[in-house]
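Note sheet for the following structure.
The values are calculated or read from the model by the stated rules, or taken from the named source; none is laboratory data. Source: prediction; values computed, not measured. Note that we place each Cβ from the backbone using ideal geometry, even for glycine, and neighbour counts take in every protein chain shown.
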Amino acid sequence: MKRLLILFIMLGLAYGLNGQQVQSKMQLLETEHDFGKFKEEDGRQTYEFVVTNVGSDPLVIQNIVASCGCTTPEWTRSPIPAGGKGKVTAIYDPKDRPGPFNKTLSVYTNSKPEVVVITIKGEVVPREKTITELFTFPVGSVRFESNHLAFTNIKKTEKKIRVMPLVNSSDKEAKVEFINLPPHLSLKATPETLKPGQKGMIEGTYDATKNAGWGNVSDMVKIKVNDVVQENVYYYISANLVEDFSSLSKDDMLNAPVFRISSNTFDLGKIKGSTQNDVEFKFQNSGKSDLVIRHIRSTCGCTAIQEGNQGIGIKPGESGSIKASFNSGGYSGKVTKAVYVYTNDPKNSEIVLMINADVEQPTAAAK
């Protein structure tokens, strides 16, 4: 009964008793507000848009939809009588949203037009971040910007330098050193000894000519602060080692090797758990010079690569294969594993081979 009564009231607001459509009309003194510049730490900004019903029947604001979650609308919920006033309140939250903004509120009513768009804009001046926020990786009495120094792509013929800021967040001097570095990597802090509160820089040099790996590689190194090795703390170094094709001429490209494979996906179908499953991907060199498989790696220890064609020149027109073994172990259901192949084909220097399987583990009853 209550629902019927509410429905009747809403219909009554939308239509006159004689069945004619109501003549409510919303008028806004302004449809845009500029908050200007304000600080992020000032918190939420609020502005009220005044609504006037210049029609002859009650005006109902049915809903307001904001263009993003950063803007919260509030409005007069009760019907606004003819000649009466209401409001639409726009609340903007600047937290973690530095910079200019331009947001909209779509106001739905029972008048014509049914939708009116209100705009708010401004510019948030970012708050000054704390030392903890800027330097997220604590190492003893110092803090690094991050625990990860990424060199991204490095050609196998080059050296690359990357830097990262650090700060001594203590009230004593701090000497920073890196130990057990691999031959292809050097790291140093400048200055080596930081005064209390002093900022410095970590400089890393990656010599790709001294790393036999290919593709995505990583190292974890230990850190000493004031001659004390920081236990259970590692600095992570990553790089993607790629072949240098920059010196190839147009003729070199035309006469380059071409790695051609009929399918880069091998489907094992349904297999049992804890079984060894061999796969073989066949390929051909359809180019005009020797094809060399530089390196092959899998994404997990469950997939073993069988040595064969790596480092051997495959003549034009000749074929080869890449063999791997997948151990289904404790996997259950659909599983996909990847094998990465690195070649001297300038257009196919990194190939991803996929191994798919549907692993069935024995049921408890079968055990």
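Among the residues in segment 89-96, are any surrounded by fewer than 14 Cβ atoms within 10 Å (Cβ to Cβ), modelled with pLDDT of 95 or more and of a type in the set (Val, Ile, Thr)?
no
ARG127 - would you say it is among the charged types (D, E, K, R), within 14 Å of GLN230 (Cβ to Cβ) and touching a helix residue (DSSP H, G or I) at 6+ places or on another chain (Cβ under 7 Å)?
No, not satisfied.
What is the number of the single condition among (1) assigned by TED's automatic domain parsing to the domain that holds LYS199; (2) modelled with pLDDT of 95 or more that THR119 does not meet?
(1)
Could you check segment 314-367 for strands (runs of 3 or more DSSP E) lying wholly inside it with 3 or more residues that are without any contact (Cβ under 8 Å) to a residue 40 or more places away in the chain?
Per the criteria, 333-343.
Somewhere in segment 211-224, is a residue out of contact with any Ser or Thr (no Cβ under 7 Å at 6 or more places or on another chain) and at positive phi?
Taking every residue of segment 211-224 in turn, at least one turns out to be out of contact with any Ser or Thr (no Cβ under 7 Å at 6 or more places or on another chain) and at positive phi.
Of all the strands (runs of 3 or more DSSP E) wholly in segment 158-221, which have at least 1 residues that are of a type in the set (Gly, Ala, Ser)?
Hits in segment 158-221: 174-179, 185-190, 199-207.
Mind checking whether some residue in segment 130-146 is modelled with pLDDT under 95, aliphatic (A, V, I, L, M) and either assigned to a loop (DSSP other than H, G, I, E, B) or within 30 Å of LEU29 (Cα to Cα) (or both)?
Taking every residue of segment 130-146 in turn, none turns out to be modelled with pLDDT under 95, aliphatic (A, V, I, L, M) and either assigned to a loop (DSSP other than H, G, I, E, B) or within 30 Å of LEU29 (Cα to Cα) (or both).
Every residue in segment 115-133 that is of a type in the set (Ser, Thr, Tyr) and surrounded by 11 or more Cβ atoms within 10 Å (Cβ to Cβ), please.
Listed by number, the list holds a single entry, THR119.
Of these, ASN264, ASN232, which one is within 30 Å of GLN361 (Cα to Cα) and exposed (fewer than 15 other Cβ atoms within 10 Å of the Cβ)?
Answer to the selection: ASN264.
Take the residues in segment 241-261 that are in contact with a Ser or Thr (Cβ under 6 Å, 6 or more places away or on another chain) and of a type outside the set (A, V, I, L, M, F, W, C); name whichever of them is surrounded by the most Cβ atoms within 10 Å (Cβ to Cβ).
The selected residue is PRO257.
Taking only segment 148-180 into account, find how many residues are out of contact with any Asp or Glu (no Cβ under 8 Å at 6 or more places or on another chain), closer than 13 Å to ILE223 by Cβ and crowded, with 16+ Cβ neighbours inside 10 Å.
Number satisfying all stated conditions: 3.
Counting only residues that are crowded, with 16+ Cβ neighbours inside 10 Å and not hydroxyl-bearing (Ser, Thr, Tyr), how many does segment 200-221 have?
Matching residues across segment 200-221 total 11.
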